[in-house]
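Below you'll find the structure, written out as structure tokens, and then a few comments.
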Amino acid sequence: MIEGIGTPELTKGELKIEFKLTYCSNVKRVELVELSTNKRTVLTPLKGELNNLSIGNHYVVFDYKTANLFVDDEFVLHVFIDSCASLVKEKKYVAPEVLTKTKYKPHSVLLKLGVAGVGVFAALSANSIKSDFDSKVKVLNDLSQSLPQVNEQLQTLNDLETWNNAYSEAQKAQKTGLLNAMVATSILSLGYEIFLLTTKTNKIDKGFSFQPSSTLNGLSLTYKF
């Protein structure tokens, strides 16, 4: 609402209503308010520009003689406005629907061979460590049974040195930590190998390709490595 200034043109029977705008506006209506009674009267019809008014000073004209409106009181004028409707409709971008088809391919043969190789190596290493330890323990047990003893005591220094050497070799062959690591590696490799054989991976098409641009028009060129 903007308070207007009324300028009567008595000879013409017209009321010139001046007002100032600070943004593009449309005049919705003009009301005359009598101060003593607060009576409101909508002035119509109005002459002049009413829609899409630019920033600045404007006026409309009301013919009070034709409308047969006479006010014997002090009054004020109120000009009711609203902002201009946008003349250009906002463009909305609707992304084109792109249908994609996922392709799958078996895992790399080199990867499978590599995993299998690691598993076989770990299994053979574990078997070698276990076999070496078992053989050293067998030698020690055989010596314990074959060497002459009295009350479980060896009779000669030669026999004692032989038994001690066999015992030392058996201790060296007892590589429990390495054996466990090789067994675990072998089991994990077997599990991963089964996964590679029973599943497939996404196939990525490498090279240049065209697709709709993210802007309103056009295409975009992409390259997949």
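Taken together, the values in this text are just the output of simple stated rules run on the coordinates, not laboratory data. Here the structure is a predicted model, which means the values were calculated and not measured. Cβ: placed from backbone, ideal geometry, glycine included. Neighbour counts: every protein chain shown.
Here the Karplus relation 6.51 cos²θ - 1.76 cosθ + 1.60, evaluated at θ = phi - 60°, turns the backbone of the range 145-150 into coupling constants of 8, 8, 6, x, 9, 10 Hz, with x for every Gly and Pro.
Simple spin-label model, 7 Å along Cα-to-Cβ: residue 50 to residue 128 in nm? If labels sit at residue 50 and residue 128, their model points lie 10.2 nm apart. Of the trypsin sites (Lys or Arg not before Pro) found in the range 123-208, those in coil by DSSP whose Cβ has at most 11 other Cβ atoms within 10 Å are 203, 206. Computed from the C-beta positions of residue 113 and residue 165 and an R0 of 45 Å, the FRET efficiency is 0.55 to the nearest 0.05. Label zone (residue 18, point 7 Å along Cα-to-C-beta; backbone nitrogen cut-off 14 Å) within the range 49-75: 56-61. Between residue 36 and residue 83, the FRET efficiency estimated from the beta carbon spacing at R0 = 45 angstrom works out to 0.85. Residue by residue, the range 33-41 carries 3J(HN,Hα) couplings of 10, 7, 5, 6, 10, 6, 6, 10, 10 Hz when phi is fed to the Karplus relation 6.51 cos²θ - 1.76 cosθ + 1.60 (θ = phi - 60°); x denotes Gly or Pro.
Per-residue extension of 0.36 nm, minus the Cα-Cα distance of residue 69 and residue 28, leaves a gain of 12.8 nm for this segment.
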